[in-house]
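Report on one structure; see the data block that follows.
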Amino acid sequence: MKIRRPIRTGAALATVLALAGCSSTNSNLGGPASGTTRAKGAAASGPAISGTQLTGTQLTAALLTVSDIPVGGFIAPTGSNTDSGGSLTTAKARFDPSTMSCEDLQDDLGEAGFGETAMSTNALVSRSRETVSQTVYQFADAAAASAFYTAAKANWAACGTFDFAGQGSDNKLTSKVTAARAGLGQQDFATTETGTEDGTPCAIASTLTLDGPDVLLVGTAKVGTATVPTDIDGASLTTKLIAKIAATG
């Protein structure tokens, strides 16, 4: 398995693809590929934090581990985790999910810069070229999380077929909205993604979930097949991740 760069999103979609070897959009942790133009939005001010909040370091401690995956053979590659550190962030948002292109949105999910107060992301990979990614964004309050979730969901749902073009690769993905399992947080949204990188098939299943001040993205991906992975249930992993975060808080 080729790991093109460390994890940023999970789920985010491009993160899953990158670790599974099905995307070449970025080669650097937390930064766009050279020459890529990002659609960015700046919030009027940094978030006004209310209630008990976890730091990025604490969110990392709550992430799923290989023991949480019901299928054996997964590892956590060195350098596959990034988070916002040991203090809360109050920076203005760099990205506006309502105005970003599909490529930019799904490539930048998993990076800091959406106006969150803390975030953490990593991926677990197997020798069978399967990847589980997870990203948690924590916002100042439930309203801020809901605004991000709603904008990202609306954008993602409208993507259809789109290209990931970068570093000389020809990547094309088709996104389809699927039924998300009821009872995940307050709202949830699921998609399947199938496509190719330079003719190699790949398939991804993603679940985006709103839970209070948190937005969680869990994805499973496999390279070498156009069939979305079914051996690992992203909804069950999301339920477990929500519980672990709650226990940490």
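Observations, loosely collected:
- Applying a threshold of 6 Å to beta carbon distances and a minimum spacing of six or more residues, or different chains, the list of pairs starting in region 173-189 at a residue that is part of a strand (DSSP E or B) and ending at one that is of a type in the set (S, T, N, Q) reads Thr174/Thr161; Thr174/Thr194; Ser175/Thr191; Lys176/Thr192; Val177/Thr191; Thr178/Thr192; Asp188/Thr209.
- Test: residue in region 67-83 that is in contact with a Gly (Cβ under 7 Å, 6 or more places away or on another chain) and buried (at least 17 other Cβ atoms within 10 Å of the Cβ): yes
- Filter pass, Asp163 being touching a helix residue (DSSP H, G or I) at 6+ places or on another chain (Cβ under 8 Å) and farther than 26 Å from Leu64 by Cβ: yes
- If you check Thr117, Thr57 for being at pLDDT 90 or above, crowded, with 20+ Cβ neighbours inside 10 Å, over 16 Å from the mean Cα position of the chain (by Cα) and hydroxyl-bearing (Ser, Thr, Tyr), only one passes: Thr117.
- Listed conditions (1) of a type outside the set (A, V, I, L, M); (2) at pLDDT 85 or above; (3) surrounded by fewer than 18 Cβ atoms within 10 Å (Cβ to Cβ) are all met by Thr209, apart from (3).
- Every residue from region 56-75 that is under 15 Å from Lys244 (Cβ atoms) and in a loop (DSSP other than H, G, I, E, B): Leu63, Leu64, Thr65, Ile69
The values are calculated or read from the model by the stated rules, or taken from the named source; none is laboratory data. As the structure is a computational prediction, the values presented were derived from the model and not from experiment. Positions of Cβ are backbone-derived with ideal geometry, glycine not excepted, and every protein chain shown enters the neighbour counts.
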